[in-house]
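Chemist: Sharing a structure with you now.
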Amino acid sequence: MAVDLNMNVLIVDDYQTMLRILRNLLRQLNFKNIDEASDGSEALKKLRAKAFGLVISDWNMEPMTGIQLLREVRADEKLKHIPFVMITAESKSENVIAAKEAGVSNYIVKPFNAETLKGKLISVLGEF
Amino acid sequence: MATDSVDPELATRLQELGREPGGSVKVEEIAEVVEAILTTMQGDLSAVDVRLYEELESLSRFITEAKTDIAALRPDEVKDEFLPKAADELDAIVEATAEATNSIMDAVGEVEEVMSKLKGKNAERLMDATTKIYEACGFQDITGQRITKVVGALQHIEEKVDALLNAFGDEIAKYKAANPKMEEAPVEEAIPADEDLLHGPQKKEAAMSQADIDALLNSFD
């Protein structure tokens, strides 16, 4: 099934610059509806208020981190199906393992390039 | 510690010091106790006593010298002046790189707007170039996180220096009183040396604007 590029995508990061970079890269990949949150708790509120087809989140944020957000999403019957991609500078194997155990769909280490982002999104969503 | 042959009051003091957590006993107190031990060693001394006496005297001298040496390093300045200044400079780096990154992305946005009106190879080339610029702008996020870690390390150092200052009690104040800094003395119309003029980039609130500089220059006319 073709990927719906009109689906809502939520990007979560406490650095405004990174949100802007992600938004622009996703727009170049033809995603039309991109929403932002600056930490896990704001993201969770948005996820519960509107239907999203993809979450792309940083790890290191306050007050709610990316891994906490991931666990909340996976524990919520209505949200647990949403593909969740972690984009973070946390590159230790213990982080990757913890994210995998929490149910992450894919994991991108910063700094990343557009090709990596596209490749990971294809592996999660399918060709687009 | 065997304290049977020691003066009871001194023995109690030693036991109290032994119960203190590491790093919290003032150097002055240790020196006082060593001195008290020395003064209680009266009468006939055996060869072992003399050796012990010498060792304790050497220890007392070492502690006194160490106190003076450390006070001369002015750890109070490190805590009150240099560490906060370093943290401010690092914050300024994060702020400046964020501003620069946003300016770059604003410019790329304009390029994209023009690009949307183009077709074919030129549009593709511009798209590739703008994508690379967005990727490269990710440096600001990474440097920001690294600098935050360095600021955390500085805070840790500040705590340790604070503990050192507490352990020294008024030793630092005594040193400051005995060795006033040259710049603390009132100087009339001091002409700054060339090296005193090397401040590096100023923080926004401390810097003069171009208009201020123009006005200052014009005031010489």
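Please treat every number below as a calculation from the coordinates, not as lab data. Source: prediction; values computed, not measured. No Cβ is skipped: glycine too gets one built from the backbone with ideal geometry, and neighbour counts run over all protein chains shown.
Chemist: Within 10 Å of each Cβ of A:11-20, how many other protein chain Cβ atoms are there on average?
Modeler: Values: counts 0, 0, 1, 3, 9, 5, 14, 7, 1, 7.
Average per residue, whole number: 5.
Chemist: Would you list B:Ile213, A:Ile67 from fewest to most Cβ contacts within 10 Å?
Modeler: Values: B:Ile213 11, A:Ile67 22.
Ranking B:Ile213, A:Ile67 by Cβ neighbours within 10 Å, fewest first, gives B:Ile213, A:Ile67.
Chemist: Let me ask something additional. Taking the square root of 5 times each eigenvalue of the Cα gyration tensor, what semi-axes in Å does the equivalent ellipsoid of the stretch B:35-104 have, largest first? Don't skip to the end; give the middle numbers.
Modeler: Details: eigenvalues 643, 20, 10 Å².
Rounded to whole Å, the semi-axes are 57, 10, 7.
Chemist: Could you tell me the convex hull volume per residue, in Å³, taken over the Cα atoms of the stretch B:39-174?
Modeler: Details: hull volume 17.9 nm³, N = 136.
So the per-residue Cα hull volume is 131 Å³.
Chemist: Compare B:Ile133, B:Ile70, B:Ile93 in a GNM of chain B, Cα atoms joined below 10 Å, and give the one with the largest fluctuation.
Modeler: Largest GNM mean-square fluctuation: B:Ile133.
Chemist: Okay, moving on. Which of A:Glu77, B:Glu81, B:Glu28 comes first, and how do the rest follow, when ranked by fewest Cβ neighbours within 10 Å?
Modeler: Working: A:Glu77 6, B:Glu81 11, B:Glu28 16.
By the 10 Å Cβ count, ascending: A:Glu77, B:Glu81, B:Glu28.
Chemist: Based on the Kirkwood radius over alpha-carbon pairs, what is the Stokes-Einstein translational diffusion coefficient of the protein assembly as shown at 20 °C with 1.002 mPa s viscosity, in µm²/s? Don't skip to the end; give the middle numbers.
Modeler: Numbers: Rh = 26.7 Å.
In µm²/s, the coefficient is 80.
Chemist: Could you give the length gained on full extension between A:Arg74 and A:Asn113, defined as 0.36 nm per residue of separation minus the Cα-Cα distance, in nm?
Modeler: Result for the pair: 11.3 nm of gain on full extension.
Chemist: Using r as the Cβ-Cβ distance of B:Val25 and B:Ser103, and R0 as 45 Å, what FRET efficiency do you calculate, to the nearest 0.05? Walk me through the numbers on the way to the answer.
Modeler: Working: r = 55 Å, r/R0 = 1.21.
Once rounded, the FRET efficiency stands at 0.25.
Chemist: State which entries of A:Lys45/A:Lys92; B:Lys160/B:Lys204; B:Lys149/B:Lys203; A:Lys92/B:Lys149; A:Lys110/B:Lys85; A:Lys45/A:Lys118 exceed 25 angstrom in Cα-Cα distance in the structure shown. Can you show the working numbers first?
Modeler: Numbers: A:Lys45/A:Lys92 29 Å; B:Lys160/B:Lys204 31 Å; B:Lys149/B:Lys203 21 Å; A:Lys92/B:Lys149 16 Å; A:Lys110/B:Lys85 30 Å; A:Lys45/A:Lys118 27 Å.
The answer is A:Lys45/A:Lys92; B:Lys160/B:Lys204; A:Lys110/B:Lys85; A:Lys45/A:Lys118.
Chemist: Cα to Cα, under 18 Å, and not fewer than 8 places away if on the same chain: which aspartates and glutamates meet these conditions relative to A:Lys46?
Modeler: A:Asp13, A:Asp14, A:Asp35, A:Glu36, A:Asp58, A:Glu62, A:Glu72, A:Asp76, A:Glu77
Chemist: I would also like to ask the following. Can you list residues from other chains, or at least 5 along the same chain, whose modelled amide H is less than 5 Å from the amide H of A:Leu54?
Modeler: HN-HN under 5 Å from A:Leu54: A:Leu10.
Chemist: Can you tell me how the stretch B:101-214 classifies by the Cα gyration tensor, rounded, prolate or oblate, using a/c under 1.5 as the rounded cut? Walk me through the numbers before you get to the answer.
Modeler: Values: a/c = 5.59, a/b = 2.10, b/c = 2.66.
Taking the square roots of the gyration eigenvalues as a ≥ b ≥ c, the stretch B:101-214 is oblate.
Chemist: Express the relative contact order of chain A as a whole percentage, based on alpha carbon pairs under 8 Å and six or more residues apart in sequence. Before the final figure, lay out each step's value.
Modeler: Numbers: 205 pairs, mean separation 30.5, N = 128.
Relative contact order of chain A: 24 percent.
Chemist: Next up: Under 15 Å from a point 7 Å along the Cα-to-Cβ line of A:Asn60: which residues of the stretch A:103-128 have their amide N that close?
Modeler: It comes to A:109-112, nothing else.
Chemist: May I ask you to sort B:Ser60, B:Ser103 by Cβ crowding, counting other Cβ atoms within 10 Å and putting the fewest first?
Modeler: Working: B:Ser60 18, B:Ser103 10.
With the fewest neighbours first, B:Ser60, B:Ser103 line up as B:Ser103, B:Ser60.
Chemist: Something else: Where a Cα-Cα gap under 17 Å defines reach, which lysines qualify for B:Lys121, not counting those fewer than 8 residues away within the same chain?
Modeler: Excluding near neighbours in sequence, the set is B:Lys132.
Chemist: Over the stretch A:8-112, what number does the Rg to Rh ratio reach, with both radii from the alpha-carbon atoms and Rh per Kirkwood? Numbers along the way, then the final one.
Modeler: On the way: Rg = 12.5 Å, Rh = 13.5 Å.
Using only Cα positions, Rg/Rh for the stretch A:8-112 is 0.93.
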